[in-house]
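Each value in this text was obtained by applying a stated rule to the coordinates, not by laboratory testing. None of the values given here were measured: they were computed from a predicted structure. Here Cβ is always computed from backbone atoms with ideal geometry, including for glycine, and neighbour counts include all displayed protein chains.
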Amino acid sequence: MDHTETLLDIQDLRVEFPISIGTVRAVQGVSLTLKRGEVMGLVGESGCGKSTLGFSLLRLLRPPGRIASGRILYHGRDIVAMEEKELLAVRGTGIAMIFQDPLTSLNPLMSISEHFVETLRTHEKGISRHDALERAGGMLESLGIGTNRLHEYPHQMSGGMRQRIMIGLALIMKPDLLVADEPTTALDVIVEAQFLDLLQTLRESLNLAIILITHNLGNVAQLSDRITVMYGGTIAEVAPAQALFDEPLHPYTQGLLASIPNIRLEQPRLHTMPGSTPDLVDPPSGCIFHPRCGRAMDICSRQRPPAFLRNGHEVSCWLYGDAP
Ligand code: SF4
């Protein structure tokens, strides 16, 4: 797929959560771009900042979270600096988000049709109920759900179907970017595969860009054009999906891939990474991965590595470049 136009340009984004014992530096200077129609997998251990980054894109951080600095340019307009009115227009019509558990996002007292009518009326003032229901029916059909289910309630549907409804609600206003935060975690393996197929179809038919946030590397391998690996609120590596799996460069990415069970290969023991995730109130100096890295050098604890370009990977590690 030809991706040329930059849709999203995140520049040196910092997100903090002030708490009683200090400030959690959840995202520490992340820069990232996404092209129109591109699928970016965002992976890393729990607590690495990937979901915080996703929520920041729509300024949906839960208090006391705040964007401390940086810019998020969406079609060249800075979301961080946007007035509330402009931001509301971007949410839903430009950037949409779906979450892990659709039950927490769907109102159990409202039928599926009411969800669609409410969403459409929020963004399209004056749309008639008849037109809204017609659009909702069309969306349901494209998701492989019969229009006869429109009048059902969320509890009458399976988990997989609810997740499809969520995606339908997210896409009904034809956004060009979907942020999907662990969208398949609550689904069983077969429904998960169907859901990923659906995302692939929608991405092609709508030229939809997707940021797929997940801890499941299998999911990102299947769907993503590029993969961003996060560690401790920073980006460790960004690379085309196949290149990342074929030749991971950052020691953290290498450890992450070695820890995936592979039933086709003789793999008597899984790799486990020594140490634990970093304290983000008082993060390690220099490369945030250095206390766990088997290849750490002198400079690693002193200076944070910039992103070096190597074989099409952007890799933040002193193994691939020298200090200026
Ligand atoms: Fe390891 Fe140093 Fe590279 Fe960090 S910069 S990943 S500590 S070698």
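Worth pointing out:
- Number of the exception - THR214 against (1) under 26 Å from GLY65 (Cβ atoms); (2) among the hydroxyl-bearing types (Ser, Thr, Tyr); (3) within 13 Å of the ligand (Cβ to nearest atom); (4) touching an Asp or Glu at 6+ places or on another chain (Cβ under 9 Å): (3)
- Checked against the criterion of being of a type outside the set (Val, Ile, Thr) and crowded, with 21+ Cβ neighbours inside 10 Å, the candidates ALA89, ALA96 yield just one match: ALA96.
- Number of the exception - PHE99 against (1) touching a residue at least 12 places away in the same chain (Cβ under 8 Å); (2) more than 18 Å from the chain's Cα centre (by Cα): (2)
- Looking across region 22-45, the residues that are closer than 16 Å to ILE211 by Cα and β-branched (Val, Ile, Thr) come down to VAL30, THR33, VAL39, VAL43.
- Residue satisfying all of: in region 138-155; without any contact (Cβ under 8 Å) to a residue 40 or more places away in the chain and touching a Lys or Arg at 6+ places or on another chain (Cβ under 8 Å); surrounded by the most Cβ atoms within 10 Å (Cβ to Cβ) among these: LEU140
- Flag for MET40 being touching a strand residue (DSSP E or B) at 6+ places or on another chain (Cβ under 9 Å) and either assigned to a strand (DSSP E or B) or over 30 Å from GLN254 (Cβ atoms) (or both): yes
- Among the numbered conditions (1) under 27 Å from GLY321 (Cα atoms); (2) buried (at least 16 other Cβ atoms within 10 Å of the Cβ), the only one that ASP246 does not meet is (2).
- Qualifying residue in region 253-264 (condition: of a type in the set (S, T, N, Q) and either within 12 Å of the ligand (Cβ to nearest atom) or within 15 Å of LEU42 (Cβ to Cβ) (or both)): yes
- Filter result (surrounded by 16 or more Cβ atoms within 10 Å (Cβ to Cβ) and either aliphatic (A, V, I, L, M) or in contact with an Asp or Glu (Cβ under 9 Å, 6 or more places away or on another chain) (or both)) within region 296-317: ALA296, ALA307, PHE308, HIS313, GLU314, VAL315, SER316, CYS317
- The numbered conditions (1) over 30 Å from ALA209 (Cα atoms); (2) away from the ligand (no atom under 13 Å from the Cβ) are all true for SER301 except (2).
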